[in-house]
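Computed from the coordinates by the stated procedures, all read-outs in this text should not be read as laboratory data. Every value quoted in this text rests on a predicted model; they were computed, and no experiment measured them. In this analysis, Cβ positions are derived from the backbone assuming ideal geometry, glycine residues included, and neighbour counts consider all displayed protein chains.
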Amino acid sequence: MIKKKDLYLSRTFVVLSVIILCLSGCSNQKVITKGLNSRIIPAELSASEKQLLNAIGVEKYFVFRVSLPKGEKGFAHYWVDYYQNGVKKKLIDGKTAFQSLGDNGDKVVLATLSSDPDAKVKDWIISYISNGGFSRLKAEIPMDKNGASTSASTLGTDIIKDKPVILAVITQNHSSSTMIPKSVFEGEDTALKNLLSTNESVYIFCFELNDNSKSN
C-alpha cells in the first residue's frame with residue numbers, strides 16, 4: 001500500500017515537472033554553448049512562474065538547464081553525497097534512462113516542499129526532465145541541527161563526461177550555520193575539503209553526464 005505522504009509527493013512531483021517543463025520551454029532565456037563545450041546553467045524563472053511553484057507547496061528549488069553541442073548525447077547521472085564529520089556516505093543514487101540529445105531542452109530540478117517546522121526530516125526531490133519524459137529521486141535530509149545553510153551554483157559550469165559537477169550544497173551544525181563559498185561549485189578541491197572539515201553534516205547534490213546508462 002502506498003503511504004499518503006509518498007502519494008502526495010508523487011502527485012506534487014508530477015505537477016512540478018509539468019510546470020517546469022512548460023515554463024522553461026516557453027521561456028525566452030537561451031543557454032549559450034561556447035564552442036564545443038557542454039554546459040549546465042541555472043535557469044531563472046519570473047515572479048509569476050515562482051508564484052505557481054509556491055502555490056503547489058514548493059518551499060525552495062533550483063532549476064538547471066543542460067546544454068549540449070548539436071549531435072551530442074549522453075545519460076544523466078545524479079545523486080547526493082552525505083558527509084558526517086568528514087566520513088562519506090552515499091545517501092541516494094540514480095540514473096535517468098532519458099538521453100540528452102543536444103536540444104537544450106533538458107532540465108535538472110532540485111526542490112523541497114513546505115513541511116512542519118517540527119519535522120525531523122525534509123524531503124528533497126531530485127528530478128531530470130526532458131522532452132521524452134521525466135524521472136525522480138527522493139532524498140530525506142534530517143533536520144536535527146539548528147544551524148543549516150543551503151546554496152547552489154549560480155554561474156553554471158562546463159560538463160565533462162564522467163566528471164561530477166556540484167549543483168547544490170546543504171551544511172548543518174548544532175551551533176550555528178556557516179557560509180558556503182561559491183568556489184565549491186567551481187571545482188576547487190581546497191574549498192570543498194575546508195567545507196567538509198568545518199561542518200558536522202554536509203549534503204552535496206551532484207550531476208554527471210555519461211556515455212551509457214549503467215550506474216557507477
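Grab the beta carbon distance between residue 146 and residue 118, set R0 = 22 Å, and tell me the FRET efficiency rounded to 0.05.
0.95
Mind listing the phi-derived Karplus ³J(HN,Hα) values for the stretch 164-178, rounded to whole Hz, using 6.51, -1.76 and 1.60 with θ = phi - 60°, and x for any glycine or proline?
x, 10, 8, 9, 8, 9, 10, 10, 9, 9, 6, 8, 8, 7, 10
Suppose the chain between residue 163 and residue 177 were pulled fully straight at 0.36 nm per residue; how much longer would it get relative to their current alpha carbon spacing?
2.1 nm
Beta carbons within 10 angstrom, averaged per residue: use that to sort the peptides 71-81, 169-179, highest first.
71-81, 169-179
Of the cross-linked pairs 88/120; 50/122; 50/88, which ones have a Cα-Cα span greater than 24 Å in the structure shown? If you can, show how the numbers build up before the last one.
Numbers: 88/120 21 Å; 50/122 20 Å; 50/88 34 Å.
Where the Cα-Cα span goes over 24 Å, the pairs concerned are 50/88.
Residue 37 versus residue 155, label points 7 Å from Cα toward the beta carbon: distance in nm?
Going from the residue 37 label point to the residue 155 one covers 1.0 nm.
Highest first, please rank the peptides 82-94, 180-192 by the mean number of other Cβ atoms sitting within 10 Å of their residues.
Highest mean packing first, the order is 180-192, 82-94.
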